[in-house]
Protein chains: 2
Amino acid sequence: MSNVRRVFFVSDRTGITAEALGHSLLTQFAVATEQVTIPFIDSVERAQAALRRIHTAAAEDDCRPIVFSTIIDPEILAVLRHSEGLVLFDFFDTFIGPLERELKVPSSHVIGRSHGIADDSTYDVRIDAINFTLNHDDGATLRHYSRADVILVGVSRSGKTPSSLYLALQFGIYVANYPLTDEDLTGLRLPRVLEQQRDKLFGLTIDPDRLHSIRSERRPNSHYAELRQCEYEVARAESMFRREGIPYLDITTMSIEEIASTLIHQRGLVRRVY
Amino acid sequence: MSNVRRVFFVSDRTGITAEALGHSLLTQFAVATEQVTIPFIDSVERAQAALRRIHTAAAEDDCRPIVFSTIIDPEILAVLRHSEGLVLFDFFDTFIGPLERELKVPSSHVIGRSHGIADDSTYDVRIDAINFTLNHDDGATLRHYSRADVILVGVSRSGKTPSSLYLALQFGIYVANYPLTDEDLTGLRLPRVLEQQRDKLFGLTIDPDRLHSIRSERRPNSHYAELRQCEYEVARAESMFRREGIPYLDITTMSIEEIASTLIHQRGLVRRVY
């Protein structure tokens, strides 16, 4: 372990935010790390247990462990802050003081306002958005398109499903998706069922080589996966998007987060969930 | 707008981390805010455009706008930092200096190491995990259970599907889920198909009242949604979990993030994606 730096993400909730920011910071350094998340540290006792765990793990290390924290409660945080033999990066409390001064109100220091389901309706919106998206995946149901916030259109395996699910889960956005069929592509016409929803349409496209490789993994040596077929479908889909004035996005080098984020901002979608 | 504080999340990537941390900080204050995310600010020109947008929006406000940033590049960040008439909370650069001193190496200040698909395999793992999860949702396919990292077991509408999808999307974890049927519940026996995968099983349970309300929304006045039926199913499922020694979780008051996070830590699952 001597060349690997030990890192802990400690949170009073899930630790997802601490992981995201801490990981993003660490990728800036050419240092090998071993990263461990310790979630749900919402009492002094649990903080003491976390501390023991950190010290035990790092006992043989040459360097002191790095701890990224999003703990809100000052008393719980103090357990980490006053411990020797670790270095603490405090993602939360660092900003609370300056924010109090700027907002001119004291903070409440209450755990769990974020991501919680204290607000039942938030939970319901996400579950409902996921169900909607699953029911309207791959053109499975063409009804209720009017309830969709956005309808993703593209050839098979152009990233519609993962993007839809991410939008539903992360933001509570209702997404339907419609896979362009051979018939749609041959006719170069917008499928009739989509015509009434024109304002909600958003195209996804992808580099044919990449599509070929994705489809080949799924159905090796099929007509469906042939490079020529991929080239044909992508070219026809893009023609349709341009002819019909449907905005579209080439997702070849994009992560799911980037696709989702771009869609939200280009379409002005409103997130229902934080 | 005079009573609403204007807040911007500015990022060189999607802004998802800035939103998560910034939102979590703001929930500590009894202050009404209007929150806007400005993603993909990855050049000085874009930063200048973002700045114009911020100043235009806030021109009539009584208070200066609050800007939360996760911008990595110091030159791009400088555009915000040197602007008058806003208050900047810098989630990234605040920690880079201290981290450099602790790690004794300079940071690379490179945009986009996180969430990216610079690493193709990360992208593939997530897509593959989502496809696996969709194919193994609701007991749809009982094959390939051996590839699952975890198999969620529970009565219908006990949170299996959203939790599965979140684990796949956020962490690249392969999740199957198995809905307990009437037959399974009557027999109080572990379904045979699950017996070989005993070590991967994890139960989800839920308060019968809450289940009743969820099912009623889905199928009003059905036998399936009756409170008695919900009570019966939940009691039988919990009996089975206890008899068979399957660890289980009551998800009634948990968010999807909390369910996912708890599962990862209780089962020692390894995330494949950051």
Determine whether segment A:5-15 contains at least one residue that is modelled with pLDDT of 95 or more, part of a helix (DSSP H, G or I) and within 23 Å of A:E75 (Cα to Cα). no
Identity of the residue in segment B:186-210, basic (K, R) and away from chain A (no Cβ under 13 Å), that ends up most open to solvent (accessible area, probe 1.4 Å): B:R192
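So that you can scan it fast, the table gives a plain yes or no per residue for (1) touching a Lys or Arg at 6+ places or on another chain (Cβ under 8 Å); (2) among the acidic types (D, E); (3) closer than 24 Å to A:S164 by Cβ:
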{"position": "A:D207", "(1), (2), (3)": "no, yes, yes"}
{"position": "A:R215", "(1), (2), (3)": "yes, no, yes"}
{"position": "A:P220", "(1), (2), (3)": "no, no, no"}
{"position": "A:C230", "(1), (2), (3)": "yes, no, yes"}
Just one of (1) aromatic (F, W, Y); (2) over 16 Å from B:R13 (Cα atoms); (3) in contact with a Gly (Cβ under 7 Å, 6 or more places away or on another chain) trips up B:F68, so point out which. (2)
Going through segment A:43-64 one residue at a time, which ones are touching a Gly at 6+ places or on another chain (Cβ under 8 Å) and either modelled with pLDDT of 95 or more or assigned to a loop (DSSP other than H, G, I, E, B) (or both)? A:H55, A:R64
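Counting only residues that are without any contact (Cβ under 8 Å) to a residue 60 or more places away in the chain, aliphatic (A, V, I, L, M) and more than 10 Å from chain B (Cβ to nearest Cβ), how many does segment A:153-185 have? So that I can check it myself, show each step before the final result.
Here is the first cut: in segment A:153-185, the residues without any contact (Cβ under 8 Å) to a residue 60 or more places away in the chain are A:160-161, A:164-165, A:168-169, A:174-179, A:181-185.
Still in the list and also aliphatic (A, V, I, L, M): A:165, A:168-169, A:175-176, A:185.
Adding the requirement that they be more than 10 Å from chain B (Cβ to nearest Cβ) leaves A:175-176, A:185.
Of the residues in segment A:153-185, 3 are without any contact (Cβ under 8 Å) to a residue 60 or more places away in the chain, aliphatic (A, V, I, L, M) and more than 10 Å from chain B (Cβ to nearest Cβ).
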Those residues of segment B:16-47 that are of a type in the set (A, V, I, L, M, F, W, C) and either touching a His at 6+ places or on another chain (Cβ under 7 Å) or within 17 Å of B:V79 (Cα to Cα) (or both) come to a total of 5
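Per-residue answers, yes or no, for (1) touching a His at 6+ places or on another chain (Cβ under 8 Å); (2) surrounded by fewer than 18 Cβ atoms within 10 Å (Cβ to Cβ):
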{"position": "B:A168", "(1), (2)": "no, no"}
{"position": "B:V175", "(1), (2)": "yes, no"}
{"position": "B:H212", "(1), (2)": "no, no"}
{"position": "B:N221", "(1), (2)": "no, yes"}
{"position": "B:A225", "(1), (2)": "yes, no"}
{"position": "B:R228", "(1), (2)": "no, yes"}
{"position": "B:V234", "(1), (2)": "no, no"}
{"position": "B:M254", "(1), (2)": "no, no"}
What do you reckon, is B:T37 part of a helix (DSSP H, G or I) and among the polar types (S, T, N, Q)? no
Give me the pairs, please: first residue somewhere in segment B:220-234 and within 11 Å of B:S156 (Cβ to Cβ), second residue anywhere and open to solvent by 80 Å² or more (accessible area, probe 1.4 Å) and not aliphatic (A, V, I, L, M), beta-carbon distance under 8 Å, and either six or more positions apart or on two chains. B:A225/B:R218; B:A225/B:R219; B:Q229/B:H223; B:C230/B:D209
Please work out which residue is nearest to A:D149 (Cα to Cα), limiting yourself to segment A:189-245 and to residues that are modelled with pLDDT under 95 and of a type in the set (V, I, T). A:V193
Hey, could you check segment A:242-264 for residues that are more than 14 Å from chain B (Cβ to nearest Cβ) and in contact (Cβ under 8 Å) with a residue 40 or more places away in the chain and say which is farthest from B:L165 (Cα to Cα)? A:R243
Would you be able to tell me the number of residues in segment B:29-86 that are among the hydroxyl-bearing types (S, T, Y), more than 13 Å from chain A (Cβ to nearest Cβ) and open to solvent by less than 50 Å² (accessible area, probe 1.4 Å)? 2
Wholly enclosed helices (runs of 4 or more DSSP H) of segment A:193-267 bearing at least 1 residues among the acidic types (D, E) and more than 30 Å from B:V10 (Cβ to Cβ): A:208-218, A:227-244
Restricting attention to segment A:1-25, report how many residues are under 17 Å from B:F95 (Cβ atoms) and more than 8 Å from chain B (Cβ to nearest Cβ). 7
Close pairs from segment A:72-84: first of a type outside the set (A, V, I, L, M), partner open to solvent by 30 Å² or more (accessible area, probe 1.4 Å), Cβ under 8 Å, at least 6 apart: A:D73/A:D42; A:D73/A:H109; A:D73/A:I111; A:P74/A:D93; A:P74/A:H109; A:E75/A:V44; A:R81/A:L88; A:S83/A:H55
Which of the numbered conditions does A:R101 fail, given that it passes all the others? Conditions: (1) at pLDDT below 85; (2) over 21 Å from the mean Cα position of the chain (by Cα); (3) part of a helix (DSSP H, G or I). (1)
For segment B:85-95, what are the residues that are more than 13 Å from B:A50 (Cβ to Cβ), in contact (Cβ under 8 Å) with a residue 24 or more places away in the chain and of a type in the set (A, V, I, L, M, F, W, C)? B:F89, B:F91
Pairs only if they're at least six apart or on different chains, beta carbon under 7 angstrom, first in segment A:16-45 and assigned by TED's automatic domain parsing to the domain that holds A:A58, second assigned to a helix (DSSP H, G or I) and among the acidic types (D, E); list them, first residue then second. A:I16/B:E257; A:T37/A:E19; A:V44/A:E75
Out of the residues in segment B:129-142 that are part of a helix (DSSP H, G or I) and not small (G, A, S), which is modelled with the lowest pLDDT? B:D138
Take the residues in segment A:143-157 that are more than 27 Å from A:L211 (Cα to Cα) and not in a helix (DSSP H, G or I), then tell me which one is modelled with the highest pLDDT. A:H144
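The values are calculated or read from the model by the stated rules, or taken from the named source; none is laboratory data. These numbers come from a predicted model, not from an experiment. In this analysis, Cβ positions are derived from the backbone assuming ideal geometry, glycine residues included, and neighbour counts consider all displayed protein chains. For the accessible areas, the whole protein counts, side chains as well, though only heavy atoms, and no ligand, DNA or RNA atoms are used. Shrake-Rupley method; radii C 1.70, N 1.55, O 1.52, S 1.80 Å.
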